[in-house]
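Laboratory data are not the source of any read-out in this text; all were calculated from the coordinates shown. Only a predicted model underlies this, so the values are computations on that prediction, with no experimental measurement involved. Here Cβ is always computed from backbone atoms with ideal geometry, including for glycine, and neighbour counts include all displayed protein chains.
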Amino acid sequence: MTMNTVLPPPVGPRADARLWLALTPAGPWSRLNGAWWPRSHDLSAELPSLIAELDRAWGRITRAAVHGPAWSGLHHDSPAGSHCVHVSWYDNTQDPHAISLFSYRIGSWELLVVPPATDPRRAALLMAAAARPGNHQAAETLLADGPERADVPHRGRIRVRTWHGRGAADPALPMG
């Protein structure tokens with residue numbers, strides 16, 4: 001099944017080419033392994049840069065699973081650098097706000113997917129909460145209820161890692 005939906009080009013604060021990703025550091029068990037804030041709902045456009053970075057961080061990603069109705073540009077095989085990632089999509093069994101990633105030899109991970117049009121302050125809070133070691137909230141719960149008070153870092157600024165091609169930058173996002 002291939003879906004061809006044309007979306008308008010991104011504008012405003014999300015029109016940049018950076019990959020917005022927050023990964024959970026080592027620590028207590030967490031329900032999520034971090035968060036990803038794509039620029040659009042076009043999975044074929046967004047997935048390659050995510051997979052390229054996760055291949056470096058976690059080892060070769062071989063499969064991904066998403067909630068089908070949340071994405072356009074769905075293809076069963078997505079190019080990701082020197083290999084292809086098999087993509088599956090589901091309507092009922094996959095959290096609509098998560099992406100599951102798999103490696104045959106290394107393991108599996110789940111990331112919160114912050115909706116592209118999310119306000120940057122809210123996105124920063126959600127990403128910080130999802131990447132906090134010991135977080136027990138599911139992606140859908142985080143988006144519906146917001147981060148629990150204990151999940152919200154101190155007021156001020158938080159660090160969310162972004163990647164510009166091969167170089168990296170860590171901008172601070174304001175929180176209030």
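If I model a spin label at A144 and Y104 as a point 7 Å from the Cα along the Cα→Cβ vector, what separation in nanometres do I get?
Label-label distance for A144 and Y104, simple model: 3.7 nm.
Pull up all non-local amide H partners of S88: gap of 5 or more, or a different chain, and H-to-H distance under 5 Å with H placed in the peptide plane.
A64, A65, V66
Only four residue types carry charge here, +1 at the Cβ of Lys and Arg and -1 at the Cβ of Asp and Glu. Report the dipole size of segment 26-127 about the Cα centre in Debye, rounded to the nearest 20.
280 debye
Test of understanding: ordering I51, I61, I106 by Cβ neighbours within 10 Å, fewest first, what list do you get?
On the way: I51 23, I61 26, I106 12.
Ranked by crowding around the Cβ, least crowded first: I106, I51, I61.
Which value in nm describes the separation of the simple spin-label points at R121 and H75, placed 7 Å from the Cα toward the beta carbon?
It is 4.0 nm.
For each of H76, H41, count neighbouring Cβ atoms within 10 Å of the residue's Cβ, then give the residues from fewest to most.
Working: H76 12, H41 17.
Ordered by Cβ neighbours within 10 Å, fewest first: H76, H41.
As an exercise, identify the chymotrypsin sites (Phe, Trp or Tyr not before Pro) in segment 49-112 lying in DSSP coil whose Cβ has no more than 15 other Cβ atoms within 10 Å.
On the way: sites: W58, W71, W89, Y90, F102, Y104, W109; in loops: W71, Y104.
Those that pass, being in a loop and sparsely packed, are Y104.
For a footprinting-style exposure proxy, rank R105, R60, R39 by other Cβ within 10 Å, fewest first. Intermediate values should be presented prior to the final figure.
Numbers: R105 7, R60 17, R39 20.
If I rank by nearby Cβ atoms, fewest first, I get R105, R60, R39.
Using label points projected 7 Å from each Cα along Cα→Cβ, tell me how many nm separate W29 and R56, to one decimal.
Simple spin-label model gives 3.2 nm for this pair.
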